[in-house]
Amino acid sequence: MNQQDIQNLRQEYQASTLSEKEVDANPIAQFEKWFNEALKAEVQEPNAMTLATATSDGRPSARIVLLKGFDENGFVFYTNYLSRKGKEMAKNPLGAITFFWGALERQIRIEGTIEKVSREESEEYFHSRPKLSQIGALASPQSQEVAGREVLEHKMQELQERYADEEVIPKPSHWGGYILKPTWFEFWQGRQSRLHDRVVYKKADKKSWKIARLAP
């Protein structure tokens, strides 16, 4: 595919509309409504989200992680504290997450502050995971250089043998959950002629949000 072919890739969006006069006054409730509609539409991995973090001097990085829960307090995900994102969040606890559901022609952007969830919450989720996923968290020094895949596979095999008869696998101290506490939302609905609908929520105080429309 040449550059011209890429430039000509485009699609008209016409699945739905979005009005700032009709959205829920609470962005969490609006998110839940759209998330449930993504589930109903059988969007592949609707909880997959881009997590953007940055170093203390502003150098950004982004990756896909999985949302594992949300409520009025924020959006929860789990990872290795010693990974690149973990180190960045430790020094700069500001972040953003983005959901894109192409089948519904929708995108949601959320910005806020990030902090760790409680050790008890991390323990509970860790032990709800499949056994091999728990072992994988022990085996992988996430974001560190390794000599080859065989190093990881050898460590995985070693740990499988060690915990073959164990029902409870200890959660590594360097693994756990984070919660992004939102201060800003954007709900995006694709529309024809690139005149997309964009509705934003800005935190006004602890209990209320200001809603506005943005030009596409």
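Only the coordinates and a few stated rules stand behind these numbers; no lab work does. These numbers were taken from a predicted model, which means no experiment stands behind them. Backbone-built Cβ (ideal geometry, glycine too); neighbour counts: all protein chains shown.
Return P(r) of the stretch 130-170 (all Cα-Cα pairs; 5 Å bins starting at 0; whole %; ordered from short to long distances).
Distribution as computed: 6, 24, 34, 20, 11, 5, 0 percent.
Describe numerically, in nm with one decimal, the distance between label points set 7 Å from Cα along Cα→Cβ at S173 and at R84.
Taking the two extended label points, one gets 2.7 nm.
For a 25 Å ceiling on Cα separation, which of these pairs sit above it: K68/K203; K87/K210; K68/K116; K40/K206; K155/K181; K33/K85? Present the calculation step by step, with values, prior to reporting the outcome.
Values: K68/K203 23 Å; K87/K210 33 Å; K68/K116 14 Å; K40/K206 32 Å; K155/K181 36 Å; K33/K85 29 Å.
Too far apart for the 25 Å limit: K87/K210; K40/K206; K155/K181; K33/K85.
Say the dipole of the stretch 130-170 comes from +1 at the beta carbon of Lys and Arg and -1 at that of Asp and Glu; which of H154, S143, P170 then lies farthest toward its positive end?
Selected residue: S143.
Mind jotting down the distance between the C-alpha centroids of the stretch 130-197 and the stretch 60-88, whole Å?
About 10 Å separates the Cα centre of the stretch 60-88 from the one of the stretch 130-197.
Given charges of +1 on the Cβ of Lys and Arg and -1 on the Cβ of Asp and Glu, with all other atoms neutral, how large is the dipole of the stretch 130-170 about its Cα centre, in debye to the nearest 20?
That gives a dipole near 140 debye.
For the stretch 1-77, rounded, prolate or oblate, judged on the Cα gyration tensor with a ≥ b ≥ c (square roots of eigenvalues), a/c < 1.5 rounded, else prolate if a/b > b/c?
Cα axes put the stretch 1-77 in the oblate bin.
Once you place label points 7 Å from the Cα toward the Cβ at N36 and S193, how far apart are they in nm?
Using points 7 Å along Cα→Cβ, the separation is 3.5 nm.
What does the convex hull of the Cα atoms of the stretch 28-179 come to per residue, in Å³, rounded to a whole number?
136 Å³
Relative contact order of the chain, please, whole-number percent, based on alpha carbon pairs below 8 angstrom and at least 6 residues apart.
Worked out over the chain, it gives 26 percent.
Hey, what number do you get for the chain at 222 nm if only DSSP H runs of n ≥ 4 count, each worth -39500 (n - 2.57), divided across all residues, to the nearest 500?
Counting only the DSSP helices, I get -8000 deg cm²/dmol.
Under a point-charge model restricted to the Cβ atoms of Lys and Arg (+1) and Asp and Glu (-1), what is the dipole moment magnitude of the chain relative to its Cα centre, in debye to the nearest 20?
900 debye
Please state the shape class of the stretch 141-206: rounded when a/c is under 1.5, otherwise prolate if a/b exceeds b/c and oblate if not, all from the C-alpha gyration tensor.
Verdict is prolate for the stretch 141-206.
Under a plain spin-label model, where a point goes 7 Å from the Cα along Cα-to-Cβ, how far apart in nm are Q11 and Q160?
Using points 7 Å along Cα→Cβ, the separation is 3.8 nm.
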